[in-house]
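Single-structure report; data block below.
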Amino acid sequence: MKSAIVSQTEIIHLFKSAIVDLKRNKVRSFLTSLGIMIGVLSVVMLIALGLGLKNYIKGQFESMGANMIMILPGSGFTGGGGFSGAGVVGGAEFDERDVTTLRRVRGIDYIVPVTMKAVTVEANGKDVFGYVMGVNDEAFKMFNTKTIAGSLFSKGAGTSQAKIAVLGYTAAEKLFTNPKEGVGQVVRFSDQRFKVVGVAEKKGDPEQDSAVYVPYKSIYGSLNPKKTFWAIYLGVKDEKQLTQVKKDTEEALLKRYKEDDFSVTEQSEILSTVNQIFNILNLVLIAIGSISLLVGGIGIMNIMYATVTERIKEIGIRRAVGATRKDILLQFLMESVVVSLLGGLLGLIFSILIVLVVRFFFPAAVNGLAVAIALLVSGGIGVFFGVFPARKAASLPPIEAIRYE
Amino acid sequence: MSSVIRLQDVTKSYFLGEEEVHAVSGINLSIQKKEYISILGSSGSGKSTLMHMIGLLDSPTSGKIFLNDQDISKLSDDELSMMRNNNVGFVFQQFNLINKFTVLENVILPAKYTRSKLDFDPVQRAEELLKRFGIYDRRNFYPNKISGGQQQRVAVARALIMKPQIILADEPTGNLDSKTGDEIMDLLESLNKETGVTVVIVTHEREIAARTRKQIFIRDGKVVDKYL
């Protein structure tokens, strides 16, 4: 009537008797599943943190819009195997001339020359650490910045030498407690006084939130004596034109610079590189976490062997009343799977709780992959490490088992 | 022929180091349906080995065993398990109940392993048996919380749950005082009378054996005419 397939009622019965047996040794069952719990916890947490880091970095890039092209000095992000920012020896030093050149490239939505300097900003009797970002008015379009008070740079002001500033939310909060009160105040850095015209809303990006945006020409001679830019960002009107715009940009710049002196990179290229890096990182983290799963699995095997020895008599009785080898095998296998799944489930619950707490500081995330790994792997470990003790139990000759004392 | 069990030239031998020991050698016997019979032998006579083979727990080294005229010597382990489940009920000297299960759970355990459709509800039948044996009020007790006599009744109920053809009782009174032992024997005897189940008692006690209708004497692994 029945062959290789285990029926549903049989599974239910096996599951129930596994629970009964595990309940009898609550402490031992718990300690056994603890190994798997810690293993699953570490794997899920590592994935969650890896994923969080990836999301965080991705978010940083994506907040600047997807249709963006970055022009950096040096051979660049994708070519040279890393960021080569401003000040790279031999790299191009972009200036106003390049901005003018690039304005002629067709299909461009905005051009933002960027100068960035870390400074101490003073106002209201306090001083805080912040970034001065020399940009034009188009930067706010790029960053998708909105104000909570005051206004952003007007078109003329953004390209003027006016000593005005837009404060990032955190910078304003630190200086004025109530960020909105920053408007109309004066901030000082590098012996320069800037009038605050607007305060940006909170972006969640530490760099943007602590930034002090000023017209890029306003720091010529002071923070930027050479009148050069750290980078130039381009926005493309239509995503379909991205490749063409990138090509035209390269051609335009090649008239002035050598090929190795600058790089033109699409946002998507950076994103795919970031993705690649984090996928590898995640794999490494999973591999490290798996070691504790392996240890947990060995713990299960150890306990199951002890359980089999303890219950030889019971096995003999069951065999005498008609249990087949398969019945005994499945009984012990079910126990190790239940212990293991229990550990997996506990590990998952704990890691979700931890992630919920961590999320206040860091965008960690438990994804489907983590849940699937927790449940499948712990179930799999139960089967893999349970099968050897279960086979031992099943292969006991009934006559010897029932005589065992 | 209406034998339940027939042994034909059955030998069971094993090795103790280099030496071959015949626990059972060349036994021929047949047990008829509805028979109430005892196998009498001293310790080491081979009676337990014989019982294990009759109960399909062990297989002979040579010879044939027929259950309902079917040769079972060639059956697989799984087939033997199913045959035990369907046809044989065991009662042991040590009761052999599973202590983590209640009385009722112990009695219905064999039904968990059946491969065929039952014509009765195991729980209902178990309760009927327990009522009949006067231990229904103990149905939710664990075996180590009831007396030896009660435990052996539970074991008998478990042996009967699958409506077997044969009950094999290995020293069923060995762990009981004589009064309780007598009660168990009465129970087995009445079961044989009323339900027609074949009952085989394996014992070393003449008085116990004397209660059955027929005796088989075993000595040195052989059937002998007289018990010495």
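The values are calculated or read from the model by the stated rules, or taken from the named source; none is laboratory data. Keep in mind that this is a model prediction, so the values were computed, not measured. Every residue, glycine as well, gets a Cβ built from its backbone with ideal geometry; the counts of neighbours run over all protein chains shown.
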**OP:** Can you give me the ranges of the helices (runs of 4 or more DSSP H) entirely in the stretch A:266-361 with at least 3 residues that are more than 24 Å from A:Ile381 (Cα to Cα) and of a type in the set (Lys, Arg)?
**Re:** A:312-320
**OP:** Please work out if B:Asn85 is in contact (Cβ under 8 Å) with a residue 60 or more places away in the chain and either within 14 Å of chain A (Cβ to nearest Cβ) or closer than 23 Å to B:Leu176 by Cβ (or both).
**Re:** yes
**OP:** Could you list, in sequence order, all residues of the stretch A:316-337 that are more than 10 Å from every other protein chain (Cβ to nearest Cβ) and of a type in the set (Ser, Thr, Tyr)?
**Re:** A:Ser336
Original post:
Restricting attention to the stretch A:16-67, and to residues there that are charged (D, E, K, R) and closer than 30 Å to A:Asp238 by Cα, which single residue is surrounded by the fewest Cβ atoms within 10 Å (Cβ to Cβ)?
Top reply: A:Glu62
Original post:
Has the stretch B:176-196 got at least one residue that is modelled with pLDDT under 95, within 22 Å of B:Ser43 (Cβ to Cβ) and among the basic types (Lys, Arg)?
Top reply: no
Subject >> Options A:Val212, A:Val196; residue that is surrounded by 14 or more Cβ atoms within 10 Å (Cβ to Cβ), farther than 30 Å from A:Phe362 by Cα and among the aliphatic types (A, V, I, L, M) >> reply: A:Val196
Original post:
Checking A:Lys313 against (1) without any contact (Cβ under 8 Å) to a residue 12 or more places away in the chain; (2) surrounded by fewer than 18 Cβ atoms within 10 Å (Cβ to Cβ); (3) within 14 Å of another protein chain (Cβ to nearest Cβ), which single condition isn't satisfied?
Top reply: (1)
Subject >> Residue check, B:Ser48 surrounded by 19 or more Cβ atoms within 10 Å (Cβ to Cβ), touching a residue at least 40 places away in the same chain (Cβ under 8 Å) and of a type outside the set (A, V, I, L, M) >> reply: yes
**OP:** Name every residue in the stretch B:43-80 that is more than 14 Å from chain A (Cβ to nearest Cβ), part of a loop (DSSP other than H, G, I, E, B) and either touching a Leu at 6+ places or on another chain (Cβ under 9 Å) or farther than 15 Å from B:Thr203 by Cβ (or both), in order of residue number.
**Re:** B:Asn68, B:Asp69, B:Ile72, B:Ser73, B:Lys74
Subject >> Residues being modelled with pLDDT of 90 or more and outside any helix (DSSP H, G or I) - total across the stretch A:362-395 >> reply: 1
**OP:** Output the qualifying pairs, or none if there are none: Cβ atoms under 8 angstrom, residues six or more apart or on different chains, first residue in the stretch B:88-116 and more than 8 Å from every other protein chain (Cβ to nearest Cβ), second residue basic (Lys, Arg) and surrounded by fewer than 21 Cβ atoms within 10 Å (Cβ to Cβ).
**Re:** B:Thr102/B:Arg139; B:Val103/B:Arg139; B:Leu104/B:Arg139
**OP:** For the stretch B:13-27, state whether one or more residues are in contact (Cβ under 8 Å) with a residue 24 or more places away in the chain and charged (D, E, K, R).
**Re:** no
Original post:
Can B:Ser59 be described as farther than 22 Å from B:Leu160 by Cβ, touching a strand residue (DSSP E or B) at 6+ places or on another chain (Cβ under 7 Å) and not hydrophobic (A, V, I, L, M, F, W, C)?
Top reply: no
Original post:
Any idea which residue in the stretch B:117-146 is farthest from the other protein chains (Cβ to nearest Cβ), counting only those that are over 26 Å from B:Asp78 (Cα atoms) and of a type in the set (D, E, K, R)?
Top reply: B:Asp137
Subject >> Candidates B:Leu104, B:Leu80, filtered to the one that is surrounded by 16 or more Cβ atoms within 10 Å (Cβ to Cβ) and within 16 Å of the chain's Cα centre (by Cα) >> reply: B:Leu80
Original post:
If you check B:Leu97 against the conditions, is it under 15 Å from the mean Cα position of the chain (by Cα), in a loop (DSSP other than H, G, I, E, B), at positive phi and crowded, with 22+ Cβ neighbours inside 10 Å?
Top reply: no
